[in-house]
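Take a look at the structure set out below.
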Amino acid sequence: MKSLRLVFSILMALIIVVGLIGCAPAATTAPVAPAEVAKPAVSASIADSKIDAALKALDPKRGEGKKIGVVAFFQANDWNRNALKAITDNLEKYGYAVNIIDGNGDAAKMNAAVDTHIANGVAGIIMAGGDGTALKSGCAKIVEAGIPYTVIDMFQEGAITNVMADNWGGGTQLGLYVVNQTGGKGKVLILDTPSWVTLLARADSADVVFNPFRTDDPTKGIVVERFDIDAGNAVTDAQTKVAAALAADTDNQIKAIVTTWNLPAVGAYAALKAAGKTKDIVIASGDTGKDVLQAMREPEAGKWVFMGQNSYVLGTRAAQGLDLALNGKADLVPYAQFGPTYFVSNLGGAEDLVIDGSEIKLQSPEQHWLEVFGTAFGTLE
């Protein structure tokens, strides 16, 4: 197993696009009551940045009389609610009037919400999650209207900043964990949501890890079966599809389930519970949610890990970027920003986790030459 882990560590170093993935074993004590939980902290890298200094130098009443339109993907899970809370926390304190329109998981409703915000004369817009491909037309209208805007969990043309977590590195971690736990054999179900670019990045990154083990025989390698999950009915849709797959799995070859966000994971877990197979099948899921955290601590829960994100940080960076842009400081805001990514396990320890990750360094050619070759730039020997 140690040699297997080494191979996987090397593989991940080759295919991770960006990000240093943390590993956080689940706590062994009871969850903290909501009243005891402190306000989510923004990472020190933000607090110590030029962005923070620039924000402090601005007029504390700069938002008075200005309306900010927020287009929310939906508010049915903790990830989205936490991001929206960060937006309001970081804008209303300066006097901005924040108006959130919930798209309820429907891209057409989100694009319509853009029209509403533009008609209402907002000063800026934040696109908070959703299917980036389907939202391109709405974002193009924002650009055409000359309104500054920022986005969360996607890339969009003309945005001041695009904020997300390292979905590629996180998805790779999920794939590595599954291979490590299954020994590279068995059927793996991947539950994805079609055309949602950041979720697809997680699914594809995990799937790439399975390539060296891919086969038609689950007793000799990995067989992958992918399912599209309806974003507007994710829990029920995932539960139904996993239940059907389990019923058809008469030879018990399903060994793991990968989900790209938390609601399908909840549905998959419900299907496993109903079939009495929670201890037999590994779950590797994406996104932080109280629902997942509570479910994975249940006594009947089997091995379960998830790629976590701090969406409060993502919402904070999107709000701060828009705030700066509205006050003549858009040049300080990076085009792309990545928040922290976590790897959370209910195993009670890190012994069985693949925790290797990549380290990205920003260097000049001179700095890189010196570090890699140990001599001054241009030295040939």
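Bear in mind these aren't lab numbers, they're just calculated from the coordinates by the rules spelled out. Note that the structure is predicted; figures quoted are calculated from it, not measured. FYI the Cβ positions are ideal-geometry reconstructions off the backbone, even for glycines, and counts take in every protein chain you see.
Just the number: Rg to Rh for region 143-234, Cα atoms, Kirkwood Rh, two decimals. Walk me through the numbers on the way to the answer.
Details: Rg = 16.9 Å, Rh = 14.9 Å.
The Rg/Rh ratio comes out at 1.13.
Computed FRET efficiency, Cβ-Cβ of SER364 and LYS136, R0 30 Å: what is it to the nearest 0.05? Kindly include the intermediate steps, with their values, before the conclusion.
On the way: r = 35 Å, r/R0 = 1.18.
Given R0 = 30 Å and the Cβ-Cβ separation, E is 0.25.
Remark: TYR269, TYR335, TYR94 ranked as TYR335, TYR94, TYR269, counting other beta-carbon atoms within 10 Å and listing the fewest first.
In region 213-345, the C-alpha radius of gyration followed by the widest Cα-Cα span (Dmax) gives 18.9, 63 angstrom.
Taking a straight line from the alpha carbon of LYS185, these lysines sit under 16 Å away, with near neighbours fewer than eight places off in the same chain left out: LYS220, LYS255. Within a Cβ distance under 13 Å of LEU135, other residues only, what is the Lys/Arg minus Asp/Glu net charge? Taking every Cβ under 13 Å from that of LEU135, the sum is -2. May I ask for log10 I(q)/I(0) of region 132-287 at q = 0.11, 0.13, 0.15 Å⁻¹, from a Debye sum over the Cα atoms as equal point scatterers with solvent left out? Calculated log10 I(q)/I(0) at the listed q: -0.47, -0.62, -0.77. Summarised in one figure, the compactness ratio Rg/Rh of region 296-351, Cα atoms and Kirkwood Rh, is 1.26.
Normalising the Debye intensity of region 78-146 to I(0), with uniform scatterers on Cα atoms only, and taking log10 at q = 0.17, 0.27 Å⁻¹ returns -0.64, -1.34. Distances between every pair of Cα atoms in region 224-279, grouped in 5 Å steps from 0 to the bin holding the largest one, split as 4, 21, 34, 26, 12, 2, 0 percent.
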